[in-house]
Structures are given as C-alpha cells and as structure tokens.
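Heads up, the thing below is written out as structure tokens.
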Amino acid sequence: GGTACVVTGQPFDTAKVKMQTFPDMYKGLVDCFVKTYKQVGFRGFYKGTTPALLANIAENSVLFMCYGFCQQIVRRIVGVDRKTKLRLVIKIWLV
C-alpha cells in the first residue's frame, strides 16, 4: 500500500517541488508536467523516489507499532485479555 502511494503520488510531488523552487518557470501544473517530460523524460517524475519510499516505510512501521502499543494500553485500562476484540469492548463500554 505504501509503495503504491509513493509511486502514484511521486510525479505530483516532483511537480509541486519544481513549481515551488522555480515559481516563474512554470505557468501551472500541466505546463510543469509537459516541460519536465520534454527535458528529462518519464524518469524525471520519479527522481527522489527511493528516499520517499524509505520514509514512507519508516512512517508506516512507527504507526503500526504505536497502534499496537495503544491497543495494549486500552486493554490494560479496560481490563480485558489479548484475545478479546477491542471492537466488542468499545461497543459495550459506550452503551
């Protein structure tokens, strides 16, 4: 999922950075895409993909780890074991 997000979003991020860095060079997004394609080719849209992909992997790893820790904390506060689904606990708790 993270890879698909980076692969589909990278061309737009590249265009955004180019437009922010050189505001007078491009008339808009389409102009930026056309000029980038003419100057560098299709690969020009994916420069910097490796760092973006690594950052996305690291971010998702931290998010999943924190999600698991938060689930453990909620289980301890509510007083249920690991086998109990938290959805059921939250439904009962909110009623």
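The values are calculated or read from the model by the stated rules, or taken from the named source; none is laboratory data. Fair warning: this is a prediction, and the values are worked out from it, not measured in the lab. Positions of Cβ are generated from backbone atoms using ideal geometry, with glycine treated the same way; all protein chains shown enter the neighbour counts.
Looking at the range 43-56, can you tell me whether even one residue there is of a type outside the set (S, T, Y), closer than 25 Å to C5 by Cβ and touching a Lys or Arg at 6+ places or on another chain (Cβ under 8 Å)?
Checked the range 43-56: no residue is of a type outside the set (S, T, Y), closer than 25 Å to C5 by Cβ and touching a Lys or Arg at 6+ places or on another chain (Cβ under 8 Å).
Select, from R75, R82, the only residue that is among the basic types (K, R), modelled with pLDDT under 90 and surrounded by 15 or more Cβ atoms within 10 Å (Cβ to Cβ). Talk me through it step by step, then tell me what you get.
Values: R82 fails: surrounded by 15 or more Cβ atoms within 10 Å (Cβ to Cβ).
Exactly one of R75, R82 is among the basic types (K, R), modelled with pLDDT under 90 and surrounded by 15 or more Cβ atoms within 10 Å (Cβ to Cβ), namely R75.
Kindly indicate the residue of the range 5-56 that is outside any helix (DSSP H, G or I) and free of Cβ contacts under 8 Å to residues at least 24 places away in the same chain and also surrounded by the fewest Cβ atoms within 10 Å (Cβ to Cβ) among those meeting that condition.
Looking at the filtered set, the residue picked out is D24.
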